[in-house]
Amino acid sequence: MKAAYFKNHGGLDNLQIGEVEQPQLKSNELLVETAYAALNHLDLFVLEGWPGLNLHIPHILGSDGSGVVKEIGGEIDAFKVGDKVLINPGISCGKCNYCLAGQQNLCADFSIKGEYFDGTFAEFFTIPEKNVLKIPDSISLKDAAAAPLTFLTAWRMMVTRAEVRPEEYVFIHGAGGGVSSAAIQIAKMLGAIVIATTSSEEKMKAAQDLGADHVINYKERNDFTDYVYKEITGKKGVDVVIDSVGKQTFPKSIKLLRPNGRFVTCGATTGPHVDLDIRHVFWKQLQILGSTMSNQKEFRDVMNIVFEGKIHPVVDKVFPLDQVKEAEKYLKKGNQFGKVLLSVNP
Ligand SMILES: [Zn+2]
């Protein structure tokens, strides 16, 4: 089958398109013919590699995907060939105390499809049955591929970790990112007042269309913290900051928070090491909360809301699988608003 894979870690030059063996189906898995796959920053981190990441080579990238069931394992009874499906990319052992307690993303063996296992940038992929949902007719295969990773991440950050309540101020960095465009919609659904930053007039409009109450162009207003503090929140500060940017935005995030505020991080796209004046943390009694992916229940909860049409995946651009390098370069530049997809067998 055709796939986007690499044999050696490194930059995008190491990413190739070519023929690889079709994956072997296990009894608890489905074989899916990929319609669309979505890009995530994780793709490039995996391609670059990190100490201890020992992958089976060649390794196929890709965490999000939608498609049509082609074959089912011997244990499967809830799906049939021809079903249209999307996937939860979070894979766990299913047997440990965390998994049995429904906290799959705390499992010691937790990983993301495309990280330790082959991913979705291929004509076919396999996936455990418990990680699959049927897509209702109201959702296109394109939107289905764009939804899971970002929506389940944003849902856990907003609902489980930050416990956002109505009328709270929620600040979201970089509205154009996949997690951020999901977070804006979820925060509005929870009744929050949403403040978002982005980098152009066009993206400001797109963030407002998703429901953001206040949108700031951070390129024109570099130090926006005073403005948010005084003008928007009436010298209160914000209740919650959602940050996947890391180093570049962390000091502003901490400054923006009001007493008892919650900082929630799910990533560090500009770098992982930050300056923290610990006095702000104890004096304002802040909570610094980490969040990664979601458990199976959170995945199902947020996907049901997507299926009901109350929140919508935002697709920026679709590239054919053959242009995976161009697509990854495009994502890296950061000019998109929403998800970048690959079409495989649409
Ligand atoms: Zn486990």
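Remarks
- Of the residues GLU202, GLU129, the one with the largest accessible area comes first in the ranking GLU202, GLU129, computed with a 1.4 Å probe on protein heavy atoms.
- Within the chain, DSSP assigns beta bridges of which about 55% are antiparallel (rounded to the nearest 5).
- Out-of-range pairs (alpha-carbon distance over 25 Å; input LYS95/LYS142; LYS255/LYS332; LYS255/LYS297; LYS142/LYS203; LYS142/LYS310): LYS95/LYS142; LYS255/LYS332; LYS255/LYS297
- Whole-angstrom gap from region 63-126 to region 196-254, using each part's C-alpha centre: 35
- Pairs of Cα atoms nearer than 8 Å and 6+ residues apart set the relative contact order; for region 148-287 it is 21 percent.
- The ellipsoid equivalent to the alpha-carbon distribution of the chain has semi-axes of 34, 21, 20 angstrom, derived from the gyration tensor eigenvalues as √(5λ) and listed largest first.
- Using alpha-carbon coordinates, inclination of helix 296-307 to the longest axis of the chain, degrees: 80
- Heavy-atom accessible area with a 1.4 Å probe sorts GLU33, GLU21, GLU168, largest first, into GLU21, GLU33, GLU168.
- Inter-site label distance for ASP77 and ASN345 at 7 Å from Cα along Cβ, in nm: 2.8
- Viscosity 1.567 mPa s, temperature 4 °C, Stokes-Einstein D of region 233-332 from Kirkwood C-alpha radius, µm²/s: 79
- Solvent-accessible area of ARG279, all protein chains in place: 150 Å² (probe radius 1.4 Å, heavy atoms, ligands and nucleic acids excluded).
- HIS312 - accessible surface, heavy atoms, 1.4 Å probe, Å² rounded to 10: 100
- Share of carbon and sulfur in the accessible heavy-atom surface of region 217-288 [1.4 Å probe, %]: 48
- Cα gyration tensor shape of region 1-157, rounded if a/c is under 1.5, else prolate or oblate by comparing a/b with b/c: rounded
- Evaluated with a Cβ-only charge set (Lys, Arg +1; Asp, Glu -1), the chain carries a dipole of roughly 960 debye about its Cα centre, given to the nearest 20.
- Per-peptide average of other Cβ atoms within 10 Å, ordering 103-116, 45-58 highest first: 103-116, 45-58
- Normalised by the number of residues in the chain, the average gap of Cα pairs under 8 Å and 6 or more apart makes the relative contact order 19 percent.
The values are calculated or read from the model by the stated rules, or taken from the named source; none is laboratory data. Treat the numbers as computed from the prediction; the structure is a model and nothing was measured. Glycine gets a Cβ as well: all are built from the backbone with ideal geometry, and neighbour counts include every protein chain shown. Ligands, DNA and RNA are excluded from the accessible area calculation, which covers all protein heavy atoms including side chains. Shrake-Rupley method; radii C 1.70, N 1.55, O 1.52, S 1.80 Å.
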